[in-house]
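J.: Dropping a structure here in structure tokens format, bear with me for questions.
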Amino acid sequence: MKVEMQPAGGTDRRSSERVAAELEGKLFVPAEERTLDCIIINLSVGGAGIKCNEPPPLDAFVVLYVEGFGRFDAVTARYTEGELGLKFVCKEAKRKRLEQDLEVFVREGMSGLTHLHRDRRIATRITSFTCADGSRASCSIADISLQSATLRTLARPAIGEAILLGNTQAWVESHHEQGIDVQFLEPTGSDHER
């Protein structure tokens, strides 16, 4: 995988350095209730450039999940030569965390990033989640971070469906043999910690 820093400049309106890379991701479009596979071709603290089939319209609110980095609320800002530009809508703390993640990624690759995120994991006692139709499903937490969780459960809500895990909204990203993976729509709070 080719990874390089690209300074913003010239006719480029981005205000922060971009990291060029090919990373797998998912783009959730709440207004259309659909999830798209995508490739992140560059990433910065201010946004991302992605490629996906059937991109959403400009000025649409989206949630981007970047493998290894987590989820980001964003707005579609431009579409040029097959690249969809996203502008992140996040708080300063999340921007700082992304800046640190990008530095580790450029220096050490995905292995460094995986180690960094492992240290951010939190403990929780959640034993069920609420589905979009209001029904409750039993689960256990296999893994959880500030951005995502892996749940062991017999329930299989549809991919892209919103659920409530504790007091935090999430959307179902994928199914696996033991349950589901979810991405949080807002950061987890201290009520999830022991």
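J.: Go through the range 86-106 residue by residue and tally those that are open to solvent by 10 Å² or more (accessible area, probe 1.4 Å), under 15 Å from residue 41 (Cα atoms) and not in a strand (DSSP E or B).
T.: Adding up the residues that qualify gives 2.
J.: I'd like to verify a number: residues in the range 127-149 that are part of a strand (DSSP E or B) and at pLDDT 90 or above, how many? Don't jump to the end; show me each part of the working.
T.: Of the range 127-149, the ones part of a strand (DSSP E or B) are 128-130, 136-138, 140-144, 148-149.
Checking which are at pLDDT 90 or above leaves us with 128-130, 136-138.
Residues in the range 127-149 being part of a strand (DSSP E or B) and at pLDDT 90 or above: 6 in total.
J.: Taking the range 18-37, which residues are in contact (Cβ under 8 Å) with a residue 24 or more places away in the chain, more than 19 Å from residue 108 (Cβ to Cβ) and within 13 Å of the chain's Cα centre (by Cα)?
T.: Keep residues of the range 18-37 that are in contact (Cβ under 8 Å) with a residue 24 or more places away in the chain, which gives 18-19, 21, 23-35.
So of that shortlist, the ones also more than 19 Å from residue 108 (Cβ to Cβ) come out as 25-35.
Selection gives 25, 26, 27, 28, 29, 35.
J.: Has the range 107-126 got any residue that is modelled with pLDDT of 80 or more, open to solvent by 50 Å² or more (accessible area, probe 1.4 Å) and out of contact with any Phe, Trp or Tyr (no Cβ under 6 Å at 6 or more places or on another chain)?
T.: no
J.: Shifting gears a bit: For the range 28-43, name all the residues that are crowded, with 19+ Cβ neighbours inside 10 Å and more than 27 Å from residue 144 (Cβ to Cβ).
T.: The one that is crowded, with 19+ Cβ neighbours inside 10 Å and more than 27 Å from residue 144 (Cβ to Cβ): 42.
J.: Further, regarding this structure: State all residues of the range 48-85 that are open to solvent by less than 10 Å² (accessible area, probe 1.4 Å) and under 16 Å from residue 20 (Cα atoms); if no residue qualifies, say none.
T.: Those that are open to solvent by less than 10 Å² (accessible area, probe 1.4 Å) and under 16 Å from residue 20 (Cα atoms): 48, 49, 50, 66, 69, 84, 85.
J.: Mind listing whichever residues of the range 34-85 are within 21 Å of residue 170 (Cβ to Cβ) and in a loop (DSSP other than H, G, I, E, B)?
T.: If the condition is that a residue be within 21 Å of residue 170 (Cβ to Cβ) and in a loop (DSSP other than H, G, I, E, B), then 56, 60, 67, 68, 69 are the ones that fit.
J.: Would you be able to say whether some residue in the range 15-27 is in a strand (DSSP E or B), open to solvent by 60 Å² or more (accessible area, probe 1.4 Å), of a type in the set (A, V, I, L, M) and farther than 15 Å from residue 147 by Cβ?
T.: Scanning the range 15-27, I find no residue that is in a strand (DSSP E or B), open to solvent by 60 Å² or more (accessible area, probe 1.4 Å), of a type in the set (A, V, I, L, M) and farther than 15 Å from residue 147 by Cβ, so the answer is no.
J.: Which of the numbered conditions does residue 171 fail, given that it passes all the others? Conditions: (1) open to solvent by less than 50 Å² (accessible area, probe 1.4 Å); (2) touching a Ser or Thr at 6+ places or on another chain (Cβ under 8 Å); (3) at pLDDT 90 or above; (4) more than 19 Å from residue 69 (Cα to Cα).
T.: (4)
The values are calculated or read from the model by the stated rules, or taken from the named source; none is laboratory data. Owing to the predicted nature of the structure, the values given are computational and were not obtained by experimental measurement. Using ideal geometry, Cβ is built from the backbone for each residue, glycine included, and neighbour counts are taken over all protein chains shown. Surface accessibility is based on the protein's heavy atoms, side chains included, excluding ligands, DNA and RNA. Shrake-Rupley method; radii C 1.70, N 1.55, O 1.52, S 1.80 Å.
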